[in-house]
Amino acid sequence: MKRIVLVVDAMGVLYESADDVAELLVPFVNENGGESDPGAIERQYLEASLGRISAATFWRNVDVSPTLEDKYLARHRLADDLPIFLQNLPEVVASLWCLSNDVSEWSRKLRTQHGLTDQFSGFVISGDVGIRKPSPGIYQCLLARIGRSASECIFVDDRSRNLEAASVIGFQTVLFDRSFKKKTSEYQVVRSFSDLASRLKNLS
């Protein structure tokens, strides 16, 4: 049995919210008397997710106290079936990695709060490396850390553009579509971690 490296996205895969900026961040900023323009909030978020500004600077730039950060992060919910998947990781998986566009400080806090740190071999986060998916550089950074070829990796993401960029480099790809709303024949599609586990077990 040839074992693979499993690489998963965070938002929309590990966590329930697929568009955390629109679904969680913008409403939180608005509710706490901060910046009212969603576009302005997103621009500041992009700067923070590229590591150009700190999380504390992001909050100040959108007129929200940085002391409310943990209250915001509490809105993120893990996928219901993720813990069972992690406890019973298919044998075909040699190591598990996370590749995500996120603010460095938020990613670290969330994975600590949810007990994910020790479940993964590593995390490659845009705020740490200064590159966001789907830019090729972040995938190359991941491969350098893993020490394996792209063809030995399966990448799971909920956004087709991120999968397309990974496919060009040589990754095997799987579309995670919890919403059942995406119609595509271009990628293998899974609807849950239970579904993903079944697909992976079929590889062994």
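A few notes on this one:
- The set of residues in region 27-38 being part of a helix (DSSP H, G or I) and open to solvent by 20 Å² or more (accessible area, probe 1.4 Å) consists of Pro27, Asn30, Glu31, Pro38.
- Test for Arg145: is it in a helix (DSSP H, G or I), open to solvent by 50 Å² or more (accessible area, probe 1.4 Å) and over 23 Å from Glu16 (Cα atoms): yes
- If you go through region 1-41 and keep only what is under 24 Å from Val156 (Cα atoms) and acidic (Asp, Glu), you end up with Asp9, Glu16, Asp19, Asp20, Glu23.
- From the options Ile41, Ile138, residue that is open to solvent by less than 40 Å² (accessible area, probe 1.4 Å), under 18 Å from Val13 (Cβ atoms) and not in a loop (DSSP other than H, G, I, E, B): Ile138
- Unmet criterion (only one of (1) in contact with a strand residue (DSSP E or B) (Cβ under 8 Å, 6 or more places away or on another chain); (2) closer than 17 Å to Ser107 by Cα; (3) open to solvent by less than 20 Å² (accessible area, probe 1.4 Å)) for Ser49: (1)
- Any hit, region 191-204, residues being under 30 Å from Trp59 (Cβ atoms) and modelled with pLDDT of 95 or more: no
- Test: residue in region 164-175 that is assigned to a helix (DSSP H, G or I) and under 15 Å from Ser100 (Cα atoms): yes
- When region 148-163 is filtered for residues that are in a helix (DSSP H, G or I) and free of Cβ contacts under 8 Å to residues at least 40 places away in the same chain, the ones remaining, listed by number, are Ala150, Ser151, Ser160, Arg161, Leu163.
- Annotation: of all residues in region 82-130 being assigned to a helix (DSSP H, G or I) and among the polar types (S, T, N, Q), the one that is most open to solvent (accessible area, probe 1.4 Å) is Gln87.
- Count - residues of region 153-181 that are touching a helix residue (DSSP H, G or I) at 6+ places or on another chain (Cβ under 8 Å) and crowded, with 16+ Cβ neighbours inside 10 Å: 14
- A count restricted to region 60-76 and to residues that are open to solvent by less than 60 Å² (accessible area, probe 1.4 Å) and either touching a helix residue (DSSP H, G or I) at 6+ places or on another chain (Cβ under 6 Å) or not hydrophobic (A, V, I, L, M, F, W, C) (or both) stands at 8.
- Only a single item in (1) within 22 Å of Thr112 (Cβ to Cβ); (2) surrounded by 16 or more Cβ atoms within 10 Å (Cβ to Cβ) is not met by Thr57, and it is number (2).
- Residues satisfying the stated conditions in region 3-23, i.e. over 15 Å from the mean Cα position of the chain (by Cα), in contact (Cβ under 8 Å) with a residue 24 or more places away in the chain and surrounded by fewer than 20 Cβ atoms within 10 Å (Cβ to Cβ): Arg3
The values are calculated or read from the model by the stated rules, or taken from the named source; none is laboratory data. These numbers were taken from a predicted model, which means no experiment stands behind them. Methodologically, a virtual Cβ is constructed for each residue, glycine included, from the backbone with ideal geometry; neighbour enumeration extends over all protein chains shown. Just the protein is used for accessible areas: all its heavy atoms, side chains included, with ligands, DNA and RNA removed. Shrake-Rupley method; radii C 1.70, N 1.55, O 1.52, S 1.80 Å.
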